[in-house]
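Structure first, commentary second.
No value in this document is a laboratory result; all are computed from the given coordinates. Because the structure is predicted, anything quoted here is derived from the model rather than measured. Please note: Cβ atoms are built from the backbone with ideal geometry, for glycine as well, and neighbour counts cover all protein chains shown.
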Amino acid sequence: MPSYLDDGFICPQLPLVSAGNEPLSSDVPKDMQPIVLPKVKLIPSLGLSVPGRILDRKRYLYDNAADISTFDWMIGWDFMGNKKALKRVRLKLNNRGISFKGSKGEPLDYSINDIFEHTNYMHLVPANKKIATQINKIQVGDNVQVDGWVIRAETAKWVTNTPVNGDGGGYLLVCRVARLSPQKVWPIFK
């Protein structure tokens, strides 16, 4: 668990929450200040609310980013949350990156653009131990709702990049995570 979680914190505000099948982004309120902890400064750049299925997850303990983020998730919605579609795509998280292939070594049935428009790869930064425990219990295939702030993190050793495309990819300060019904059916691709 990241070292800063000894005390953790309560998120000062939550972003707008998605009520449908698509992610929802929101601006950072003008009065929201960076969160300054003993070893890291977290600067929110975008609110993000994502309902989706966990496509892959990876735990990291020994790289530099593990100081603030020990879990990465690949989350999919719309057709990328549908089990039938997922049988045709292989996703793999490794070394803080992602790879895609068609199942059984075949070419992908979907374009890379379609996949990227319906997935999000995020480095999870839990706000406190309770949220870290919830994140730890969520497995590949679970349907979840995750709400938080896309952040730029600054430590004495390194600084994360700020996402430039507004899709929410990157480091996500997780303020709330909840399981959705395992029976949720995501739409089939076009």
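Amide H contacts for Val89 (H built 1.01 Å from N in the peptide plane; partners 5 or more residues away or on another chain; cut-off under 5 Å): Ser103. Cβ-Cβ distance of Trp158 and Glu22, R₀ of 30 Å, FRET efficiency by 1/(1 + (r/R0)^6): the value works out to about 0.40. Stretching Arg59 away from Met32 to a fully extended chain increases their span by 6.7 nm, per 0.36 nm per residue minus the current alpha-carbon distance. The ranking of Trp158, Trp77 from fewest to most other beta carbons within 10 Å of each one's beta carbon is Trp158, Trp77.
Here r is the Cβ-Cβ distance between Thr133 and Lys101 and R0 is 22 Å; the resulting FRET efficiency, rounded to 0.05, is 0.10. Across the range 37-52, computed HN-Hα scalar couplings (Karplus, 6.51 cos²θ - 1.76 cosθ + 1.60, θ = phi - 60°) run 10, x, 10, 8, 10, 10, 10, x, 10, 6, x, 9, 10, 10, x, x Hz from first to last residue, x flagging Gly and Pro. Can you list the aspartates and glutamates whose alpha carbon sits under 15 Å from that of Lys157, skipping same-chain ones fewer than 8 residues off? Within the straight-line cut-off, Lys157 pairs with Asp63, Asp67. Here the 3J(HN,Hα) profile of the range 82-96, calculated from phi with Karplus coefficients 6.51, -1.76 and 1.60 at θ = phi - 60°, is 7, 4, 5, 5, 5, 5, 9, 9, 10, 10, 9, 8, 6, 6, 6 Hz, Gly and Pro shown as x.
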